[in-house]
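Have a look at the structure below, then the notes.
The values are calculated or read from the model by the stated rules, or taken from the named source; none is laboratory data. What you see is a predicted model, and the numbers here were worked out from it, not measured in a lab. All Cβ positions, glycine included, derive from the backbone under ideal geometry; neighbour counts span all protein chains shown.
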Amino acid sequence: MTQQAARPHPAVSADTAFFWEGARNGQLLVQQCNQCSKLRHPPGPGCPGCGSLEWKAIESTGRGTVYSFAIHHYPPVPGFEYPNAIGLIELEEGTRLISNIVGIEPDAIEIGMPVKVTFETFERDLTLPQFRPRAS
Ligand code: ZN
C-alpha cells in the first residue's frame, strides 16, 4: 500500500488562529466587526467595511448554499483526492467561504444546493471544515 501524501497545511497567523482552533473544536467561526457588525472571511486584522480593528468570532450554524463551485482535475496536488470539488459556500449568516464539497458526486453538485458543514481531521492536528449536501 502506498502512503498518501500529507495534505498541505494552511498558513496560520495571529489573525486566522481562532478559525483553525474553532475547526478543531467542531465550530465554524466567522469574524464579526464590533463596530459595524459586518461579517468577514477570510479572517483579517481590519474591517473592510469601516476599518475597525475590533472584532469578535461568532459561531456559524454551518448551514449554507453553494454559491459557485469548480471541479479541480489538473494539475493534481499531493494530499488531495480527485476529482476535487471546491465550492464557494454562502453561509446563512451572509458571508462566503471557499471549501471542499464532499459526500456527493461532483456531477451532481448544483448552484444553490443546500449544504452543511462537516469537520474532517487529517493527519496530525489538521481539521478542515468541509460541506456536504443537506435537506433544504
Ligand atoms: Zn466594521
Taking the stretch 105-123 as the search range and keeping residues that are touching a residue at least 40 places away in the same chain (Cβ under 8 Å) and assigned to a loop (DSSP other than H, G, I, E, B), which one is surrounded by the most Cβ atoms within 10 Å (Cβ to Cβ)? MET113
May I ask you to say which residue of GLU59, GLU54, GLU110 is closer than 24 Å to VAL12 by Cα and out of contact with any Cys (no Cβ under 8 Å at 6 or more places or on another chain)? GLU59
Would you be able to say whether some residue in the stretch 57-66 is under 28 Å from ARG134 (Cα atoms), surrounded by fewer than 14 Cβ atoms within 10 Å (Cβ to Cβ) and away from the ligand (no atom under 16 Å from the Cβ)? yes
Quick check: is even one residue across the stretch 11-21 under 20 Å from ARG134 (Cα atoms) and either in contact with a Pro (Cβ under 9 Å, 6 or more places away or on another chain) or without any contact (Cβ under 8 Å) to a residue 60 or more places away in the chain (or both)? no
Among the numbered criteria (1) within 19 Å of GLY22 (Cα to Cα); (2) at pLDDT 95 or above, which one does PHE122 miss? (2)
Residues being assigned to a loop (DSSP other than H, G, I, E, B), out of contact with any helix residue (DSSP H, G or I) (no Cβ under 7 Å at 6 or more places or on another chain) and exposed (fewer than 14 other Cβ atoms within 10 Å of the Cβ) - total across the stretch 12-25: 3
Positions within the stretch 67-97 being in contact (Cβ under 8 Å) with a residue 60 or more places away in the chain, crowded, with 16+ Cβ neighbours inside 10 Å and farther than 12 Å from PHE131 by Cα, in sequence order: GLU93, THR95
Would it be correct to say that SER52 is more than 16 Å from the ligand (Cβ to nearest atom) and either at pLDDT 95 or above or under 16 Å from LEU128 (Cα atoms) (or both)? no
